[in-house]
1. Could you check segment 54-64 and list, in sequence order, the residues that are in contact (Cβ under 8 Å) with a residue 60 or more places away in the chain and either surrounded by fewer than 16 Cβ atoms within 10 Å (Cβ to Cβ) or part of a loop (DSSP other than H, G, I, E, B) (or both)?
2. Among the residues of segment 89-120, count how many are assigned to a loop (DSSP other than H, G, I, E, B) and either at pLDDT 70 or above or under 24 Å from F159 (Cα atoms) (or both).
3. Quickly run through segment 125-148 and pick out the residues that are within 13 Å of the chain's Cα centre (by Cα) and of a type in the set (K, R).
4. Considering every residue within segment 193-201, establish whether at least one is modelled with pLDDT of 90 or more, under 23 Å from W77 (Cβ atoms) and in the same structural domain as Q112 (by TED's automatic domain parsing).
5. Quick check on my filter: what residues within segment 161-209 are touching a Leu at 6+ places or on another chain (Cβ under 9 Å), assigned to a strand (DSSP E or B) and within 16 Å of D57 (Cα to Cα)?
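The values are calculated or read from the model by the stated rules, or taken from the named source; none is laboratory data. Since the model is a prediction, treat every value here as computed from it, not as a measurement. Here the Cβ is made from the backbone with ideal geometry for all residues, glycine too, and neighbour counts use every protein chain on show.
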Amino acid sequence: MKKLKYLKYLLLLTSCVVFAQDKEFEDLDGVMISAIEEYPSVKKNEFAVGMTLMPFDPYFTSYGINLAYSRYLNKRWAWEVLNASMVFGTEKALVNGLAENQGLQPRDQIEQNSYIVTSNMKYVLSYGKSIFFDRYIRMTRTELIGGVGSLSTTKNNYFTVNAGIQVDFVVSEHFSWKFEFINYFTFDRPEADLLDTATVRLMLAWRYK
């Protein structure tokens, strides 16, 4: 009788495990989902090219091109060896107002951003998977960015301390789209506000071993 009792408990436990396994792989809106504890499309070297936008400066909206090279040390850490941007400015209404009211020549007297060269460390905060159009499963990766660099303007060069975040949307084994928000803090530029040098980027990255 005791063996029969243990057999019942064993059958009950087995049925619970089977039920849990079935629930684990349920479909979501008709799409079958399975989670694999691996890190696909992670290569050691990454080259990225993209567009840079600095929209928060009160005088100029700066835009331009960006090039970057990163070396991934492991699954959590990467060294962005070089990130370089060349930007151009378009005048905002405030500049035109100053020129009309005070007779200023804006491009000669108001400081504009020209070049940004930085080197940063990246910490991979999270990995995830996203479903597009109920069909395509893509890996995403979120990275925190921190480092130092140099910001060149039409009047001076400034040392920067950088902090930001980057979201990586993998589209294939070797390519991904990267969206980045980063701020370049220039402590020796007292007239600049906190977000004057904040930058938004969209980049296409190519990864290889």
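1. Initial filter on segment 54-64 (in contact (Cβ under 8 Å) with a residue 60 or more places away in the chain): 54-58.
Selection gives P55, F56, D57, P58.
2. Result for segment 89-120: 4.
3. Matches in segment 125-148: R141 only.
4. yes
5. If the condition is that a residue be touching a Leu at 6+ places or on another chain (Cβ under 9 Å), assigned to a strand (DSSP E or B) and within 16 Å of D57 (Cα to Cα), then N183, Y184, F185, T199, V200, R201 are the ones that fit.
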